[in-house]
Amino acid sequence: MREAELRKLLAANLLCAVSIVLTALVPALFLDGFSVLGTHLTWLCVCSVCVSVLNVTLCLILKPNPSSKRSSLSNKISRFLKCCIYFFMSCILFHAIIVLYGAPLIESVTETFLFSVLLSTFTTLQCLCLLGPNIQAWIRVFSRNGAMSIWENSLQITTMCSILGGWFGAFPIPLDWDRPWQVWPISCSLGATFGYMAGLIIAPLWIHWNRKQLTYKSR
Amino acid sequence: MRLRLRSGALAAGCLLAEALGVALFLRGFFPLPVRSLPRGEARAEPPAEPAPPGPGIVSNWTKIPPPLFKKVVIVLIDALRDDFVFGSKGKQFMPYTTQVIEKGTSYSFIAEAKPPTVTMPRIKALMTGSIPGFIDVVVNLNSPALMSDNLIWQAKAAGKRIIFYGDDTWVKLFPKHFVEYDGTTSFFVSDFTEVDDNVTRHLDRVLKREDWDLLILHYLGLDHIGHVTGPNSPLVGPKLREMDNVLKKIHISLLSKEGEASLPSLLVVCGDHGMSETGSHGGSSEGEVHTPLLFISSAFEKRSGPLTQLELVQQTDLASTLAVGLGLPISRNNVGNIILPVVGSKTMREQLRFLHMNGFQLSTLLQENTPAYEKDLGYEQFKIAEKSHGNWIKLYLEGNNSEILLNLGKKVLKQYLEALRTLSSSLSKQVAQYDMYSMMVGTVIIMEVLLLLFLSVPKALSSRAEFEVPLSPPLFSLLFYLMCLMLCAVHVIVCTSAESLCYFCSMSWLTAVGVMMLISALMCGILSAVGKILENSRLPPKNPGACSSSWSEVDVLILAGTIGHVLSLGASSFIEEEHQTWYFLINTLCLALCQELCRNHFLLKECDLQLGITLKQNFDSIGEASECKNIDVQAASSSKLGKAASSAESVKGSDKWISLASPWIILICCRLLRSLNQTGVQWAHRPDFGHWLTSSEHKSELSVLAAISLLMIFVLVQRRCSLVSKIAMALGLLGVYSYRAAIGNVIFPWQHDSKDISKGITEARFVYVFVLGIVFTGTKDLLKSQVISADSSMKSTGLWEVYSGLVLLSALLFRPHNLPVLVFCLLIQTMMTKYIWRPLKFDAAQITIMHYWFGQAFFYFQVS
Ligand SMILES: [Zn+2]
Ligand SMILES: [Zn+2]
């Protein structure tokens, strides 16, 4: 049971990582002049859309958290709307945090907002897919020993890795190297993306490595 | 046998050893500049021409060659950057100079100044031709007379009459050297015109007279403009035009004086250093080190075409060139080369003679500073050139064909130039060379002492306050002797093999052995302490797992941030933008604190019981630790943490929400302050709120802001002071405002014309009286609480009074647009203590580090 689930997780994560790599390569066939650094904003949009679509699809196919009760259509719609609102709010929150970190308030609002959308895609969207719009569950998962399945463990790891990646990505911005990737928000979004991909790959390995110690309470 | 040391004695010993280590390290880090004997020695005779080989023929030209120029005028324009003359600015604002450069009889160069690009060391470099080391800057802060051999001294000794007008640094450096002088002080940086008018007003009179040989003018206005408004300010253009007019006046006057019979005159235009993009100087950016150097004289050939590529020379080259031009011996400490084009109009024999003199002086300097000078490439090259020079003289005296002579002479010239370049570079390198061995010995001592202190802290803080030094264990004494022997062997090997100067090697053997013994003793002490700690830790078996799980995210962040910051100081790019590091770190710290607060408030209630218990255990252990360890530190950090342990459970209701919101409020405050002052290198030119406030149109806004800030400071600080100091504080803050009004920064509502701007000395004194009064009251309360009663409330009042006195002082010293920084600093401190540190029960070490981080960030908030 556990092994099969782990294999599923690994496949899903690899698929995500590969899709991110593809977002950097495939659009160049259709759009001329497309490159991750040159037309960064376009890539940000493409990447966020791709990752979110893939995540939602995977979530629908794999059903990592078996919903116990059959819910009505209106219930489903309200859940969906709630999810949208949560996602939007998390974008705003990330935007605010980024501005507090020193991003310009009025200049380059688009860049900042798209970066926050990317961060939300890597973090909040995953939570929404897995846990639904249920803040209590979020708090449980992100407290110290709160993970109850390997999916939640993977969620913890990818979220932390993408935020840490974005955080480390901010380091080279003030330096005087005059590189093209030092322009806001390229280094940060690349950092977050690499962090996310690293998280995707690390998570199954880490769970596999620690499978003896991991005991999930409710299973 | 064991020696028991009181902690006081231990601290004193450590301090002494530490001082020794630091001194050794600094001595290695700041090597003494290349120095010749003091100039008090008899003046060395100038070298004769190299003797031609073979018997019979003797050159009898032994005297110093006669001067090339009758009069020399040096116009030094402070902070003149190369593009101010050669760039588009020069074309626009200095038309006369540009015309002379492009079509007149002149030679232009870009002179490279070595850092530190500060006026006084640069004047020394220009006049001595040597490179002052960093230690010169440290030692000669008040610029006493220049003791080493220099051009001015040589000129005076040769009976030249020197007149000087300008920056009075020269007057201090060369006292009694000038027959006439007028020094202007550069104290008031905001003075753009007066400093230069004071120089120019003498010009007409002096240029008419004939009774001088060397005229030096040092113009400060451009430097002041740079400091206040930057290199791109609209004030630079008019100033350059003014300088252009001065140069025109001097040049025309010099030309009109020149007769057919007498020697021509020379006009030298140079800058002591440039300015950076922000208008400051001192560092090594391109704008700071590149200065123009212009030689204008009718002796030179007329330039035919426009300038193509400007040649780069060293600033130190000026001294030797001028020495030759004035017919003086080259200064002993000179490391520069003669700029050949300047003497290019002379005959081949004279040119060779000049280069020989320069090379001889350089190789003498090398001999005096390097034991292995004979192996030096430059020295060998010079010897070869000298030999071919001798051959050339032989041919010359034999009266050979002029064509052959010229070609051969050019070859010798080239050899000389090559040799001179190599000699100068190897001499300059010695200044920049660190004395690695001394530095390493110093570092080892420093690290050992720090380690020893670190290991002995728990013991020194314990009740007995004693530290045991084991002396007898055979292992350690054997180790001690072995280490001593090994270190001495290393010392011998290093000192005999190193060819360069080494300070530690030049110390007496006895001292060196003493230092070695100290190092080994410290090492043994560290080893024994480590051994004892291991021994102790083995006795009660501990669970390492429990230890590691108690690290919260904030702890990890504090540790990683501190280490990361230290590491970042290794890269100059990070140092330039250090403020960004701090802003980034405190932001992250705030977010981590927010997460910690959330966990504290939500999780403790909702999550399963087990988690709550473990967390609680953690908190309890931290609380205990903070209770027993840090009584003193708490008082010193003036945080009201004393009662934290007791009131921790009573976090409820509105307090909880304020507590949760406080990191966000702090974040917003920091973000606001960040836009107040742009600092650093890359973004310093960006417009910021501070500039907007300080511009003269927004004086009323600034006044309102300053008034509100002062009021807020009063509200935040006065709470826990006694009544007397409350009143004193209020009056003092009023005094601060009226001081700012008196010097014209802010205005009173009833005051509309700001005509009568005084210096504000009375008001400043008024505030100082209150500062002293409040601090005195506080100290008195503290002493009283110590001596008479152990009353803790008295003690805290005293501390708060001292604190508020210091706040008042900083309110006086802060520039008015920076007063919000002080307000936010106090506000954040209050919030942190009340809503973050107390509910989370941080220990003193964590609080100290957070204080330090915020302190650093606030330092950069107010720097512009
Ligand atoms: Zn200067
Ligand atoms: Zn200056």
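The values are calculated or read from the model by the stated rules, or taken from the named source; none is laboratory data. Every value quoted in this text rests on a predicted model; they were computed, and no experiment measured them. In this analysis, Cβ positions are derived from the backbone assuming ideal geometry, glycine residues included, and neighbour counts consider all displayed protein chains.
Quick rundown of the values:
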quantity: So residue B:546, is it at pLDDT below 60, surrounded by 12 or more Cβ atoms within 10 Å (Cβ to Cβ) and not charged (D, E, K, R); calculated: yes
quantity: Boolean, residue B:652 is over 45 Å from the mean Cα position of the chain (by Cα) and at pLDDT 80 or above; calculated: no
quantity: Matching option when the condition is aromatic (Phe, Trp, Tyr), surrounded by fewer than 22 Cβ atoms within 10 Å (Cβ to Cβ) and farther than 23 Å from residue B:694 by Cα, among B:776, B:770; calculated: B:776
quantity: Pick from the stretch B:73-105, criterion away from ligand 2 (no atom under 16 Å from the Cβ) and of a type in the set (Phe, Trp, Tyr), ranking: farthest from the other protein chains (Cβ to nearest Cβ); calculated: B:96
quantity: Residue B:741 vs. criteria in contact with a helix residue (DSSP H, G or I) (Cβ under 6 Å, 6 or more places away or on another chain), away from chain A (no Cβ under 14 Å), modelled with pLDDT of 80 or more and in a helix (DSSP H, G or I); calculated: no
quantity: Those helices (runs of 4 or more DSSP H) lying entirely in the stretch B:64-120 with at least 2 residues of a type in the set (Phe, Trp, Tyr) and free of Cβ contacts under 8 Å to residues at least 24 places away in the same chain; calculated: none
quantity: Residues located in the stretch B:673-720, provided they are among the charged types (D, E, K, R), at pLDDT below 80 and surrounded by 14 or more Cβ atoms within 10 Å (Cβ to Cβ); calculated: B:688, B:720
quantity: Some residue of the stretch B:450-470 being modelled with pLDDT of 85 or more and either in a helix (DSSP H, G or I) or farther than 16 Å from residue B:520 by Cβ (or both); calculated: yes
quantity: Cross-chain or 6+ apart pairs with Cβ under 6 Å, the stretch B:570-581 first and more than 8 Å from chain A (Cβ to nearest Cβ), then assigned to a helix (DSSP H, G or I); calculated: B:579/B:860; B:581/B:565; B:581/B:568
quantity: Conditions (1) more than 16 Å from ligand 1 (Cβ to nearest atom); (2) within 26 Å of residue B:121 (Cβ to Cβ); (3) loosely packed, with under 14 Cβ neighbours inside 10 Å; number of the one not met by residue B:177; calculated: (3)
quantity: Index of the failed condition, residue B:354 passing every other in (1) farther than 16 Å from residue B:320 by Cα; (2) of a type outside the set (Ser, Thr, Tyr); (3) buried (at least 16 other Cβ atoms within 10 Å of the Cβ); calculated: (1)
quantity: Criterion (closer than 29 Å to residue B:332 by Cα, outside any loop (DSSP other than H, G, I, E, B), hydrophobic (A, V, I, L, M, F, W, C) and in contact with a helix residue (DSSP H, G or I) (Cβ under 8 Å, 6 or more places away or on another chain)) met by exactly one of B:404, B:393; calculated: B:393
quantity: So residue B:327, is it on the phi > 0 side of the Ramachandran plot and touching a residue at least 60 places away in the same chain (Cβ under 8 Å); calculated: yes
quantity: Residue match in the stretch A:153-168 (condition: within 30 Å of residue B:686 (Cα to Cα), of a type outside the set (D, E, K, R) and touching a residue at least 40 places away in the same chain (Cβ under 8 Å)); calculated: yes
quantity: Members of the stretch B:244-288 found to be among the hydrophobic types (A, V, I, L, M, F, W, C) and more than 16 Å from ligand 1 (Cβ to nearest atom), listed by number; calculated: B:246, B:247, B:250, B:252, B:254, B:255, B:261, B:263, B:266, B:267, B:268
quantity: Given (1) among the small types (Gly, Ala, Ser); (2) part of a helix (DSSP H, G or I); (3) modelled with pLDDT under 85, index of the condition residue A:17 fails; calculated: (3)
quantity: Within the stretch A:177-195, tally of residues that are within 14 Å of chain B (Cβ to nearest Cβ), under 16 Å from residue A:39 (Cα atoms) and of a type outside the set (A, V, I, L, M, F, W, C); calculated: 3
quantity: Residue identified as surrounded by fewer than 20 Cβ atoms within 10 Å (Cβ to Cβ) and among the small types (Gly, Ala, Ser) among B:857, B:845; calculated: B:845
quantity: Lone unmet requirement of (1) out of contact with any Pro (no Cβ under 7 Å at 6 or more places or on another chain); (2) more than 14 Å from chain B (Cβ to nearest Cβ) for residue A:151; calculated: (1)
quantity: Filtered residues of the stretch B:187-216 (kept if in contact (Cβ under 8 Å) with a residue 40 or more places away in the chain, within 22 Å of residue B:126 (Cα to Cα) and within 16 Å of ligand 1 (Cβ to nearest atom)); calculated: B:196, B:216
quantity: The listed residue being within 33 Å of the chain's Cα centre (by Cα), in a helix (DSSP H, G or I) and either in the same structural domain as residue B:411 (by the TED database) or not acidic (Asp, Glu) (or both), out of B:367, B:381; calculated: B:367
quantity: Residue that is part of a loop (DSSP other than H, G, I, E, B), buried (at least 24 other Cβ atoms within 10 Å of the Cβ) and out of contact with any Leu (no Cβ under 8 Å at 6 or more places or on another chain), where the choices are B:330, B:338; calculated: B:330
quantity: Count - residues of the stretch A:126-149 that are touching a residue at least 40 places away in the same chain (Cβ under 8 Å) and buried (at least 22 other Cβ atoms within 10 Å of the Cβ); calculated: 2
quantity: Condition met for residue B:313 (within 16 Å of ligand 2 (Cβ to nearest atom), touching a residue at least 60 places away in the same chain (Cβ under 8 Å) and within 21 Å of residue B:130 (Cβ to Cβ)); calculated: no
quantity: Some residue of the stretch B:217-230 being in a loop (DSSP other than H, G, I, E, B), away from chain A (no Cβ under 14 Å) and within 16 Å of ligand 1 (Cβ to nearest atom); calculated: yes
quantity: Residue in the stretch A:201-213 that is over 19 Å from residue A:94 (Cβ atoms), within 13 Å of another protein chain (Cβ to nearest Cβ), part of a helix (DSSP H, G or I) and among the small types (Gly, Ala, Ser) present; calculated: no
